[in-house]
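First up is the structure itself, then whatever we jot down about it.
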Amino acid sequence: MPTTRSSSPRPARATARAEPKWCSNARLRRAPIPAMSSSGERPSALVRFARCVPIANRGDYTNPNVVKVVLDRNGDALYFSRAPIPHFRDQGSGIRVQADPRSPIPDPCYKHIGLYGYRRMFLLKFSVLPQTALERSESLEQLRAMEHGYRIRTIVTTHDSIGVDTPEDLERVRLHVATT
């Protein structure tokens, strides 16, 4: 199994020795974990789930450390990006970076949360798929799955969380813990 900086190889190694039908991988967050599928739907073509939350402010929307996801009408991911997506063309040059980071943004904008559910067989296949150009450009392994033709169902939740990807994020978590 190739060594990567992504999170999927760890559960892939664990499920290679076990026989679960579904497995999950969560980055440690301080938020409740909802059921992976609100509808209970588990079609065989669906191999991976991800969680997302509506983006509440421009700061998250423009932050490259916050992964954004655009959804189709069924709740499947169309694209994940570190860039502000979707681009709001009719608002001039989109949402400007210099805008107040606390001000609201238009719908539909979603932030990807680091909780995944996988079908076991998909995870074993995925862990050996070659990286793709989009995955390398965005540093997002979800794009590898999508470029290889796999769908990713999203579950929209209202429970946001704080990711710790930078020293600034760590300071936000420390402040949050100190005030709650």
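Laboratory data are not the source of any read-out in this text; all were calculated from the coordinates shown. Quick caveat: nothing in here was measured; it's all calculated off a predicted structure. Cβ: placed from backbone, ideal geometry, glycine included. Neighbour counts: every protein chain shown.
With Cβ to Cβ distances under 12 Å as the rule, what net charge do the other residues near Ala178 carry (K, R +1; D, E -1)?
+1
Would you mind computing, in nm to one decimal, how far apart the modelled labels at Asn57 and Ala133 are, each placed 7 Å from Cα along Cα→Cβ?
3.7
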